[in-house]
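The structure that follows is given in the form of structure tokens.
The values are calculated or read from the model by the stated rules, or taken from the named source; none is laboratory data. Here the structure is a predicted model, which means the values were calculated and not measured. Here the Cβ positions follow ideal geometry from the backbone for every residue, glycine too, while neighbour counts run over all protein chains shown.
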Amino acid sequence: TDLQLESTSSLGPHYAETLRRWRSAFRARRADARELGYGESFLRLWDYYLAYCEAGFREDYVDDVQVRFRRPGAAT
């Protein structure tokens, strides 16, 4: 292929903040989740999962990268 790498952008720091906000919102609605029948083990599992993922992105252990390619001669 003749595609050429034009740019990359790390979204990890932004995603860490997104996960922090999701976890905060999740915690604020725990009572609602309980009323829907979700048990404590499920709620703790999701709290842990969101915290674990946030830490991974915040510490740059994992990342989310946007990659942009272009084809020579193509309109931009």
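Filter region 1-21 for residues that are among the hydrophobic types (A, V, I, L, M, F, W, C) and either at positive phi or not in a helix (DSSP H, G or I) (or both) and give the result.
Once the filter is applied, which keeps residues that are among the hydrophobic types (A, V, I, L, M, F, W, C) and either at positive phi or not in a helix (DSSP H, G or I) (or both), region 1-21 yields Leu3, Leu5, Leu11.
If you don't mind, another one. Over 13 Å from the mean Cα position of the chain (by Cα) and on the phi > 0 side of the Ramachandran plot: does that describe Gly73?
Here the answer is yes, as Gly73 does meet what is asked.
I've got another one for you. Among (1) in contact with a Gly (Cβ under 6 Å, 6 or more places away or on another chain); (2) on the phi > 0 side of the Ramachandran plot, there is one condition Gly37 misses while meeting the rest; what is its number?
(1)
Every residue in region 31-76 that is free of Cβ contacts under 8 Å to residues at least 40 places away in the same chain and touching a strand residue (DSSP E or B) at 6+ places or on another chain (Cβ under 8 Å), please.
The answer is Thr76, and nothing else.
Something else about it: Restricting to region 22-44, name every residue that is in a helix (DSSP H, G or I) and surrounded by 12 or more Cβ atoms within 10 Å (Cβ to Cβ).
Listed by number, the residues that qualify are Trp22, Arg23, Phe26, Arg27, Arg30, Ala33, Arg34, Phe42, Leu43.
Follow-up question, since we're still on this one. So, of the residues in region 1-21 that are at pLDDT 95 or above, among the hydroxyl-bearing types (Ser, Thr, Tyr) and loosely packed, with under 13 Cβ neighbours inside 10 Å, which turns out to be farthest from the chain's Cα centre (by Cα)?
Ser7
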